[in-house]
Amino acid sequence: MKKAVKLCLISFLGIAVYLLCDSGLYAQNLNLDNAAAIIEYDSLEISTSGKKAGFIKFYFRRKYKVRIQTEAGAEAFSKLSIPESFDPALYHHNPEGRNIGKHLSNINVENFEILIHKIDGQIITPEISPLVETYKSVELSEDKYGNYERYIFNIEDLVPGDVLELEYRFSVPYSENLFSLLTFRIFFHGDFPIINKDFVFILEKSLEAEVNTAFGEDPIIKQGKKTIYSWHFENLEACMNESGIRPQNCLPYVIISIKPYEMIYTLPYSFEEKFIPFYVFGPSIRESRHLTIVRAMMDNVNSSQYNQLRRFMNARLENIPDDSTGYMQLYTVHNYIAENFEFDPDDDYFNRIDTRDEKLGDYTTDGVIRDRSRYNVYVGLIAGLGLNYYTAYLADVRSGVISDFYFEPTISNDYIFAVLLKTGAVQFIYPKKERFGYYLNELPFYFENAVVRLIYLDDFRYIKEPIQEKFLSITTPSSSSSDNTRKQIANVHVDVDKQTVVFDASISLSGQFSTLGRGAYLYNTCDPTVNPLYCIKFWESISPDIDPENQEIVNIEQDYPFKTNIKASFSTDKILSRENDTLILDLSGWFNHIIDLNLNAERRVLTYYPDFKYTDSYTYQLNFDKKVKVLDRLPIIEINNLYGNLILKCVQKLDGTILLSSRVIVKAEKIPPENIMAVSEIQEQIKKLSQIKMKLLLKE
């Protein structure tokens, strides 16, 4: 087979950059006045040595020069961790205990040099001994914990005015870090403005690679004993630390995936050789038991474990009416697991303490989803229901779109099941990864409207057929803005003499508010990759001392939009104060609408993406045991702009009852950078609501 470097360039994306991104990404003259630090040049070189996978090494060399402008800039560059992440947009979704990431082991730091140019002309060359941290992460190949390390260099005494020059080089073996180095994506922009940026990838001539560039100039390629790819950029704006971004939609980046000779296979009944498609490597390990389990269930294998799976299904379905499509059976079995099964993070298994064989039937009988088997259990149950399925791999929409080039999610991300009913209709199952579980066809917003790569059982397992290379895909459904609602209502009873405030509250969560917030009310859980404000319970923002006297989950609907109704009674004596005939009621925390905790509207570069469109409302009816009059009326707020609406109202009725209400509607799917002040206007006003205090006068 002829060996040649394969270059894949997505050049058409370079045209689209001007449609999706602000032209300031490639500014002729950077505005550096308010920059915390300025990177005068940044050079990254990644190279390989060796030809066979077992002997290949990767070398990382980085060199940069930074002018420190502020204390914040000094803090940002006072600590360096090796290895660094060059893909800050990457999200990992897995059970927390797995600690999945682009980790590296057996790191050899070959060089680390620093020069600090002081403002008085003095040059300091500090000797820094790194702190070596070791940690564990589940290895894909063994499904057990492996040991990884990072080298932390603390650079002391950096101050504004300093110029820092830093250079390091380290190497790692490819074979020990295969699934971290099989593919990697590198963005060229960063958190600080970069005047000159260079990236070089050097590949052994005998190796093949796919090098895919998006939203940037094609690399300069030099071929000789080695193949050298070079990229150069100038005047890159700081933007990777902006919140609400999807940089993969417009920023230049490169995806590199090398192809050692060991990745070649011979097509059945021929002498033709081809490289195994990259998508195969992750699923071939992660789904290694699927076919065995499917055959056992379909062939009615008589074993204790498979019989227990069948008994579990029969017990769940004995009172379910016949459904020729298979929908009700699937709906009943999965939703029972989502609601009732415990989750075992399998620490002993990953630590090689529990060495027993997998026992799917025992786990199901015990009512537990074990991390090691969270997918295999479903393979058995789906097959037992007589249904077919695809494994469905997808990327977090905030991070990318899965493709033949971008296949990182097949290695490191949770996958879901696309189950085929007997009519051909597709149903989605996301197996639980904690005590809280998603219902049938329930997905968090970052997996909505996402391209899914579908993989069937025999796509790469059937030895008499070539490996399937066709990219079969569908798109996941999306929740509607009208269904994404949160309504929080409270009757509030105020005892003036005791200075106590009692709330009788009802909470209604629908759509994504239910998907993201329901787990907090049920099990005090929260998705660590989303805004934590989705998981704040009604009373938690009002006063930290509140412990509800009563909390009741009134109803949870298992069908879209998964409406959840909760009632709670709680009280506090910390928010009402009195001085003579004047009362002060502290309303901070009463209007805990969702805001972007990291939004900075100054010099916005990238398009802003809200998590989803929604309506969020609070309504309070205040009843005082004595007659009161509002002295300082709350301002009536009405904002309507491109981002959405904010309304705040305060009305005192003739009987003395006071009605407070607020409502936020997010109606934009995205906001271009030039209109970011629309987002800021509403969110800054929401912040001001947390400072509100109501002054009242006691009446005779």
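The values are calculated or read from the model by the stated rules, or taken from the named source; none is laboratory data. A quick note: this is a predicted structure, and the numbers were derived from the prediction, not measured. Because the Cβ atoms are built from the backbone with ideal geometry, glycine has one as well, and the counts that use them run over all protein chains shown. Quick note on the areas: whole protein, heavy atoms, side chains included, nothing else; ligands and nucleic acids left out. Shrake-Rupley method; radii C 1.70, N 1.55, O 1.52, S 1.80 Å.
Kindly evaluate residue 647 against the criterion of being open to solvent by 20 Å² or more (accessible area, probe 1.4 Å), under 26 Å from residue 670 (Cβ atoms) and not small (Gly, Ala, Ser).
Details: open to solvent by 20 Å² or more (accessible area, probe 1.4 Å): yes; under 26 Å from residue 670 (Cβ atoms): yes; not small (Gly, Ala, Ser): yes.
Yes: the conditions hold for residue 647.
Given 226, 197, 205, which one is basic (Lys, Arg), modelled with pLDDT under 95 and crowded, with 16+ Cβ neighbours inside 10 Å? Exactly one residue qualifies, and that residue is 226. Could you please let me know if residue 467 is assigned to a strand (DSSP E or B) and surrounded by fewer than 20 Cβ atoms within 10 Å (Cβ to Cβ)? No; evaluated as a whole, the condition is false for this residue. Can you find a residue in region 646-658 that is within 23 Å of residue 501 (Cβ to Cβ), touching a strand residue (DSSP E or B) at 6+ places or on another chain (Cβ under 8 Å) and of a type in the set (S, T, N, Q)? So far as region 646-658 goes, yes, one or more of its residues are within 23 Å of residue 501 (Cβ to Cβ), touching a strand residue (DSSP E or B) at 6+ places or on another chain (Cβ under 8 Å) and of a type in the set (S, T, N, Q). Based on what the data block shows, is residue 676 buried (at least 19 other Cβ atoms within 10 Å of the Cβ) and within 23 Å of residue 508 (Cα to Cα)? No: the conditions fail for residue 676. Which residues, taken from region 156-188, are part of a loop (DSSP other than H, G, I, E, B) and either open to solvent by less than 10 Å² (accessible area, probe 1.4 Å) or basic (Lys, Arg) (or both)? Scanning region 156-188 gives 162, 174, 182, 183, 188. For the residues 642, 631, 659, 696, the requirement of being open to solvent by 30 Å² or more (accessible area, probe 1.4 Å) and over 27 Å from residue 485 (Cα atoms) singles out 631.
Being over 30 Å from residue 136 (Cβ atoms) and of a type in the set (Asp, Glu) is a property that does not hold for residue 358. Taking the criterion of being open to solvent by less than 50 Å² (accessible area, probe 1.4 Å), closer than 30 Å to residue 346 by Cα and touching a strand residue (DSSP E or B) at 6+ places or on another chain (Cβ under 6 Å), the residues of region 83-134 that qualify are 87, 98, 103, 104, 105, 107.
How many residues are part of a strand (DSSP E or B), in contact with a strand residue (DSSP E or B) (Cβ under 7 Å, 6 or more places away or on another chain) and more than 26 Å from residue 76 (Cβ to Cβ) if we restrict to region 189-227?
Our first condition is that a residue be part of a strand (DSSP E or B); within region 189-227, this holds for 194-204, 208-214, 220-223, 226-227.
Checking which are in contact with a strand residue (DSSP E or B) (Cβ under 7 Å, 6 or more places away or on another chain) leaves us with 194-204, 208-214, 220-222, 226-227.
Right, trim to more than 26 Å from residue 76 (Cβ to Cβ) and you get 201-204, 208-214, 220-222, 226-227.
Number of matching residues: 16.
Select the strands (runs of 3 or more DSSP E) contained entirely in region 513-583, then report the ones holding at least 2 residues which are more than 22 Å from the chain's Cα centre (by Cα) and crowded, with 16+ Cβ neighbours inside 10 Å. It comes to 550-556, 564-572.
Matching residues to (1) more than 25 Å from residue 503 (Cα to Cα); (2) modelled with pLDDT of 95 or more:
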residue: 619; (1), (2): no, yes
residue: 625; (1), (2): no, no
residue: 639; (1), (2): yes, yes
residue: 642; (1), (2): yes, yes
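If only residues of region 283-310 that are open to solvent by 40 Å² or more (accessible area, probe 1.4 Å) and among the small types (Gly, Ala, Ser) are counted, the one that is modelled with the highest pLDDT is 304. Among all positions in region 369-383, there is no residue which is more than 28 Å from the chain's Cα centre (by Cα), open to solvent by 10 Å² or more (accessible area, probe 1.4 Å) and either on the phi > 0 side of the Ramachandran plot or not small (Gly, Ala, Ser) (or both).
Which helices (runs of 4 or more DSSP H) does region 228-346 wholly contain that include 3 or more residues that are closer than 30 Å to residue 465 by Cα? Before you say what the answer is, go through the steps one by one.
On the way: elements: 281-286, 290-298, 304-317, 327-340.
Counting at least 3 such residues, we get 281-286, 290-298.
Would you say residue 175 is polar (S, T, N, Q) and touching a helix residue (DSSP H, G or I) at 6+ places or on another chain (Cβ under 6 Å)? Against the criterion (polar (S, T, N, Q) and touching a helix residue (DSSP H, G or I) at 6+ places or on another chain (Cβ under 6 Å)), residue 175 qualifies. If I filter region 398-410 for residues that are in a strand (DSSP E or B) and surrounded by 22 or more Cβ atoms within 10 Å (Cβ to Cβ), do I get at least one hit? No, region 398-410 contains no residue that is in a strand (DSSP E or B) and surrounded by 22 or more Cβ atoms within 10 Å (Cβ to Cβ). The set of residues in region 311-333 that are surrounded by 16 or more Cβ atoms within 10 Å (Cβ to Cβ) and of a type outside the set (A, V, I, L, M) comprises 312, 316, 326, 327, 329, 331, 332. For region 370-392, does any single residue satisfy the condition of being within 30 Å of residue 669 (Cβ to Cβ), aliphatic (A, V, I, L, M) and modelled with pLDDT of 95 or more? The answer is yes, given that some residue of region 370-392 is within 30 Å of residue 669 (Cβ to Cβ), aliphatic (A, V, I, L, M) and modelled with pLDDT of 95 or more.
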